[in-house]
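The values are calculated or read from the model by the stated rules, or taken from the named source; none is laboratory data. Since the model is a prediction, treat every value here as computed from it, not as a measurement. We place every Cβ from the backbone using ideal geometry, glycine too, and count neighbours over all the protein chains shown. Surface accessibility is based on the protein's heavy atoms, side chains included, excluding ligands, DNA and RNA. Shrake-Rupley method; radii C 1.70, N 1.55, O 1.52, S 1.80 Å.
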There are 2 protein chains.
Amino acid sequence: MERTVFNSSHSKEEIQPLRYLSRAEAGAIEKDLVEEFRFGPQQLIEIWGHACATAVTKVFPRRSLLKKQPTLLVVCGCEQNGAIGLACARHLRVFEYEPTIFYPKRSSNALYRDFTTQCEKMDIPFLSYLPTEVQLISDAYNLVVDAILGVEATPGEVLEPYGTILATLKQIQIPLVRWDVETGSSDGISPDVLVSLVAPKQCATRFMGKHHLVAGRFLPYDLQKKFELNLPEYPGTDCVVSL
Amino acid sequence: MERTVFNSSHSKEEIQPLRYLSRAEAGAIEKDLVEEFRFGPQQLIEIWGHACATAVTKVFPRRSLLKKQPTLLVVCGCEQNGAIGLACARHLRVFEYEPTIFYPKRSSNALYRDFTTQCEKMDIPFLSYLPTEVQLISDAYNLVVDAILGVEATPGEVLEPYGTILATLKQIQIPLVRWDVETGSSDGISPDVLVSLVAPKQCATRFMGKHHLVAGRFLPYDLQKKFELNLPEYPGTDCVVSL
């Protein structure tokens, strides 16, 4: 699955096509990052959460928001993707947005609990339930960050309460941000902003929204080469780049 | 110890003086971050290493360097400060500098070992010894990042091999970057760039160099208020700000 974009800064001579990773390749990169390069889960969640918050800030600067208050809703699943959502919400708070978190099923994983505590101690509100009346969500928030699913999701299988939540999110009229997750099947939600956490996955070829960003700057060059990622050049010290 | 600068974005009405933390206060903030807010050591090292690399990039953009190659030397101690140096070197590599690391005494701490592996696997060279002939250092590198000491250093006491290394660094003619460490005594090194990792420490009032930056954007607002930090406003999504 290939599409021609600007090539990596390491091979300026010829345009190389950006690659869209399969589910297996995405898993293999994460395995290499953890096992070979010894990146820690806490470190990766922090890097990705920060990058997602930066992506939101880039696409929706506070002055561009339609509502008076810079309110955002971050919906978090119980696995790693949800923890990235928690870190993203915290960084959005630091960037002076007003995030609210909906985290219906809390993980017992100590690492994820710590990311939760950081948000709670920073006085980020947590919703006890998600309104099923979508208008209430659209009225209260400028946008929704959907951090429910992750690469760990079983293809095609969405357990409750997430099925119901996704059915609600499918109807909202405000912009929806999510990171690309190669679950093997589409849930019918069409995000406005897609953030590819390491490199674009194959599901990103079905993306119909306006803003596709990649957040893989931290990725060691040897891994970029091994998986022939041909990532675009990141400007300055930016951790995300628009495709 | 106070100095008037721009005040925090949270109290725009009146100028509040920036505070310079005592050693005890700096320790108390870090304790709160870890124990109350549940920030993890891996997470903090990653945040601080990234912020230091961003500070170096801000003060010394690659196009401003005098040497043809964007070479930098990062000297790392064996405690947390050294690990921040390792993370800083890795991010500088990602920002397309050419860091070399001198890490004379490796820690047996598994967390610090992982940060070392990340650098090794990214092909960042490690020096086996530091030339005592300072001209060799000045010829080879554009600048030195000194990540030897940390807040954990015993006041006034510098153990070998760091005493000898600091004596060498004292003589170099190229710019030296370090973060502020409240050791209770000065080692006579006068850095050109000072990065305050959370908020400025009292030792920063003795800083005679040109560039003083603060890297405390991630700090929860409640802690900023509790310790009356009155941190300056950070532009955009920047993690550092010049004072």
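Key figures
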quantity	calculated
Restraint check, A:Lys58/B:Lys67; A:Lys170/A:Lys201; B:Lys121/B:Lys201; B:Lys105/B:Lys226, Cα-Cα greater than 25 Å	A:Lys58/B:Lys67; B:Lys121/B:Lys201; B:Lys105/B:Lys226
Interface size A-B, as summed buried accessible area [1.4 Å probe, Å², nearest 100]	2900
Nearest beta-carbon to the A/B symmetry axis - residue in chain A, distance in Å	A:Gln42, 2
Distances in nm from B:Glu35 to the matching label points in the other copies, shortest first (labels 7 Å along Cα to Cβ)	4.0
Among B:Val193, B:Val34, B:Val75, residue whose mean-square fluctuation peaks in a GNM of chain B (springs only between Cα atoms under 10 Å)	B:Val34
Gyration tensor (alpha-carbon) shape descriptor, the range B:39-217, a/c threshold 1.5	rounded
Kirkwood hydrodynamic radius over Cα pairs of the protein assembly as shown, then Stokes diffusion coefficient at 10 °C and 1.306 mPa s, in µm²/s	68
Per-residue ³J(HN,Hα) for the range B:68-74, Karplus 6.51 cos²θ - 1.76 cosθ + 1.60, θ = phi - 60°, Hz, x for Gly and Pro	5, 8, x, 7, 9, 10, 10
Most fluctuating residue given options B:Pro131, B:Pro99, B:Pro17, as computed from a GNM of chain B linking Cα atoms under 10 Å	B:Pro131
Relative contact order (%) - chain A, alpha-carbon pairs under 8 angstrom, separation at least six	23
For B:Asp222, label point 7 Å along C-beta direction: distances to other copies, nm	4.2
Mean accessible surface per residue for the protein assembly as shown, computed with a 1.4 Å probe while every protein chain stays in place, in Å²	43
Net +/- balance of residues flanking A:Thr116 in space, Cβ distance below 9 Å, scoring K and R +1, D and E -1	+1
DSSP beta bridges in chain A [antiparallel fraction, %, rounded to 5]	20
Top of B:Ser64, B:Ser107, B:Ser22 by mean-square fluctuation, Gaussian network on chain B, Cα under 10 Å	B:Ser64
Lys/Arg +1, Asp/Glu -1 at C-beta; the range B:39-217 dipole; positive extreme among B:Leu86, B:Tyr103, B:Leu194	B:Leu194
Using a 7 Å Cα-to-Cβ projection, A:Gly188 label spacings across copies, nm, ascending	7.5
Residues of the range B:212-233 buried by at least 50 Å² on assembly (accessible area, 1.4 Å probe, chain alone as reference)	B:Arg217
A:Val59 - accessible surface, heavy atoms, 1.4 Å probe, Å² rounded to 10	30
Crossing angle, helix B:41-59 versus chain B [Cα axis fit, 0-90 degrees, rounded to tens]	80
Phi to ³J(HN,Hα) by Karplus 6.51 cos²θ - 1.76 cosθ + 1.60 over the range B:128-141, Hz, x for Gly, Pro	8, 8, 9, x, 7, 6, 4, 4, 4, 5, 5, 6, 8, 10
Amide H contacts of A:Leu127 (H built 1.01 Å from N, under 5 Å, at least 5 apart or other chain)	A:Ile101, A:Phe102, A:Tyr103
Centroid-to-centroid separation of the range A:68-136 and the range A:23-45 [C-alpha atoms, Å]	24
Shape of the range A:85-156, Cα gyration tensor, a/c cut at 1.5	oblate
Distant-in-sequence amide H partners of A:Cys239 (H built 1.01 Å from N, under 5 Å)	none
Members of the range B:31-80 that become less accessible by 10 Å² or more once partner protein chains are added (1.4 angstrom probe, chain alone as reference)	B:Glu36, B:Phe37, B:Arg38, B:Phe39, B:Gly40, B:Gln42, B:Gln43, B:Glu46, B:Ile47, B:His50, B:Thr54, B:Thr57
Share of carbon and sulfur in the accessible heavy-atom surface of the range B:39-217 [1.4 Å probe, %]	51
Share, in percent, of DSSP beta bridges within the protein assembly as shown that are antiparallel, nearest 5	20
